[in-house]
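Please treat every number below as a calculation from the coordinates, not as lab data. Since the structure is predicted, the reported quantities are computational estimates derived from the model, not experimental observations. So basically every Cβ, Gly included, is an ideal-geometry build from the backbone, and we count neighbours across all protein chains shown.
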Amino acid sequence: MGPALAAAGLAERVVAVVAREDVRAWKPNPEGLLALLARTGAPPERALFIGDRATDAAAGRAAGVPVLDVGAIGLDWRAAA
């Protein structure tokens with residue numbers, strides 16, 4: 001994950017990362033988001049979860065985090081790459 005963040009110019013902006021291998025259940029289960037909030041000490045209302053799938057939106061809502069569902073608004077991040 002580090003090289004991808006660095007290549008995107010985001011490495012210094014990322015405080016914590018939770019990957020699939022860090023949790024037992026993955027989206028739409030909110031475990032990953034809750035683990036990230038715990039690592040950073042951020043309350044859910046101070047976070048923003050950006051996703052492009054229904055499972056992303058469901059996980060964000062279950063964690064109490066505001067969600068920006070770019071898939072629902074027709075934004076395809078792959079087209080910008």
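Quick notes on this one:
- Remark: the chain carries a charge dipole of roughly 100 debye about the Cα centre, counting +1 on each Lys and Arg Cβ and -1 on each Asp and Glu Cβ.
- Virtual spin-label span in nm between Ala38 and Trp26, 7 Å along Cα→Cβ: 1.9
- Computed helical MRE - 222 nm, the chain, DSSP H runs ≥ 4 contributing -39500 (n - 2.57), nearest 500: -9500 deg cm²/dmol
- Computed over the alpha carbons of the chain, Rg followed by Dmax gives 13.0, 34 Å.
- Take every Cα pair under 8 Å whose residues are at least 6 apart in sequence, average their separation, divide by the length of the chain, and the relative contact order is 22 percent.
- Ordering of 49-56, 4-11 by packing [mean C-beta count within 10 Å, highest first]: 49-56, 4-11
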